[in-house]
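Visitor: This structure is in structure tokens; I'll ask about it shortly.
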Amino acid sequence: MLKSNNGPLGWSVVKRVLLVGVLALGFSACASWRNKPTLVGPGVPFISNLQVEPGKVRVGEEVRITFDFEDTDADVVEARIFPSEVREWIYRPAFTPKVLNLKTEKYGLAIGHVETSLKWESEGIRFLEVVVVDEQNHTSNALRARVAVTRW
């Protein structure tokens, strides 16, 4: 039984750990404020099967990102990947996405597969949010994944 609030396992420590966990979860869920998907309908792109491999890497190693898309209008022009992060207990949202130009290779395809890679030069937990945009500026649904980047 705990007798002190200041001990190594005191209530004040437990409360702080719970608060940090709740804040990290809340901030990771708030990453979608920048991407308002277009209402589902004809001609609106849809993405699925987001895979990030491996899920844990060392600083400087590449992470392979793949996903599938469908667009009945076959006019997909770009994919946007927002790599937000939590480092040293601070959430840092990504305001500028990595933009993949899909117009050269994927334009005219109603169904396709996209593959790219990312790497980071600092450790932390990365939250990736992926969306696809077509020529009429319809934004697909957003898919999210997590990657741990470590020094060792």
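The values are calculated or read from the model by the stated rules, or taken from the named source; none is laboratory data. Keep in mind the model is a prediction, meaning the values are calculated, not measured. All Cβ positions, even for glycine, are placed from backbone atoms using ideal geometry, and neighbour counts span all protein chains on display. All accessible areas refer to the heavy atoms of the entire protein, side chains included, with ligands and DNA or RNA removed. Shrake-Rupley method; radii C 1.70, N 1.55, O 1.52, S 1.80 Å.
Visitor: Can you spot a residue in the range 122-138 that is assigned to a loop (DSSP other than H, G, I, E, B), within 22 Å of P45 (Cβ to Cβ), open to solvent by less than 50 Å² (accessible area, probe 1.4 Å) and out of contact with any helix residue (DSSP H, G or I) (no Cβ under 8 Å at 6 or more places or on another chain)? Spell out the reasoning first.
Guide: So in the range 122-138, the residues assigned to a loop (DSSP other than H, G, I, E, B) come out as 122-123, 135-138.
Still in the list and also within 22 Å of P45 (Cβ to Cβ): 135-138.
The next check asks that each one be open to solvent by less than 50 Å² (accessible area, probe 1.4 Å); those that pass are 138.
Pick out the ones that are also out of contact with any helix residue (DSSP H, G or I) (no Cβ under 8 Å at 6 or more places or on another chain) and you get 138.
Within the range 122-138 (the criterion being assigned to a loop (DSSP other than H, G, I, E, B), within 22 Å of P45 (Cβ to Cβ), open to solvent by less than 50 Å² (accessible area, probe 1.4 Å) and out of contact with any helix residue (DSSP H, G or I) (no Cβ under 8 Å at 6 or more places or on another chain)), the answer is yes, since at least one residue qualifies.
Visitor: Mind listing whichever residues of the range 109-121 are open to solvent by less than 50 Å² (accessible area, probe 1.4 Å) and over 18 Å from P83 (Cα atoms)?
Guide: Filtering the range 109-121 down to residues open to solvent by less than 50 Å² (accessible area, probe 1.4 Å) leaves 110, 112, 114, 116-118, 120.
Those that are open to solvent by less than 50 Å² (accessible area, probe 1.4 Å) and over 18 Å from P83 (Cα atoms): A110, G112.
Visitor: Another question about this same structure. Please tell me if F95 is open to solvent by 80 Å² or more (accessible area, probe 1.4 Å) and either without any contact (Cβ under 8 Å) to a residue 12 or more places away in the chain or within 15 Å of E129 (Cβ to Cβ) (or both). Lay out the reasoning, then the answer.
Guide: On the way: open to solvent by 80 Å² or more (accessible area, probe 1.4 Å): yes; either without any contact (Cβ under 8 Å) to a residue 12 or more places away in the chain or within 15 Å of E129 (Cβ to Cβ) (or both): yes.
Yes, satisfied.
Visitor: Looking at this structure, is T139 under 19 Å from N49 (Cβ atoms), of a type outside the set (A, V, I, L, M) and over 10 Å from the mean Cα position of the chain (by Cα)? Lay out the reasoning, then the answer.
Guide: On the way: under 19 Å from N49 (Cβ atoms): yes; of a type outside the set (A, V, I, L, M): yes; over 10 Å from the mean Cα position of the chain (by Cα): yes.
Considered against the rule, which asks whether it is under 19 Å from N49 (Cβ atoms), of a type outside the set (A, V, I, L, M) and over 10 Å from the mean Cα position of the chain (by Cα), T139 comes out as yes.
Visitor: Does the range 77-95 hold any residues that are of a type in the set (V, I, T), farther than 15 Å from L143 by Cβ and at pLDDT 85 or above, and which are they?
Guide: Within the range 77-95, the first condition is being of a type in the set (V, I, T), and the residues that meet it are 77, 81, 86, 90.
Okay, now just the ones that are also farther than 15 Å from L143 by Cβ, so 77, 86, 90.
The one that is of a type in the set (V, I, T), farther than 15 Å from L143 by Cβ and at pLDDT 85 or above: V77.
Visitor: Pick out the one residue from T116, T104 that is part of a loop (DSSP other than H, G, I, E, B) and more than 22 Å from V40 (Cα to Cα). Steps first, answer last, please.
Guide: On the way: T116 fails: part of a loop (DSSP other than H, G, I, E, B).
Testing whether each residue is part of a loop (DSSP other than H, G, I, E, B) and more than 22 Å from V40 (Cα to Cα) leaves just T104.
Visitor: Got a sec? Which of V44, V40 is within 28 Å of N137 (Cα to Cα), loosely packed, with under 14 Cβ neighbours inside 10 Å and modelled with pLDDT under 95? Step through it out loud before you land on a result.
Guide: On the way: V44 fails: loosely packed, with under 14 Cβ neighbours inside 10 Å.
The unique qualifying residue is V40.
Visitor: Which ones in the range 142-152 are modelled with pLDDT of 90 or more and over 16 Å from the mean Cα position of the chain (by Cα)? It would help to see each step written out before you state the result.
Guide: In the first step, residues of the range 142-152 are kept if they are modelled with pLDDT of 90 or more; the result is 142-150.
Of everything in the range 142-152, just one residue is modelled with pLDDT of 90 or more and over 16 Å from the mean Cα position of the chain (by Cα), namely T150.
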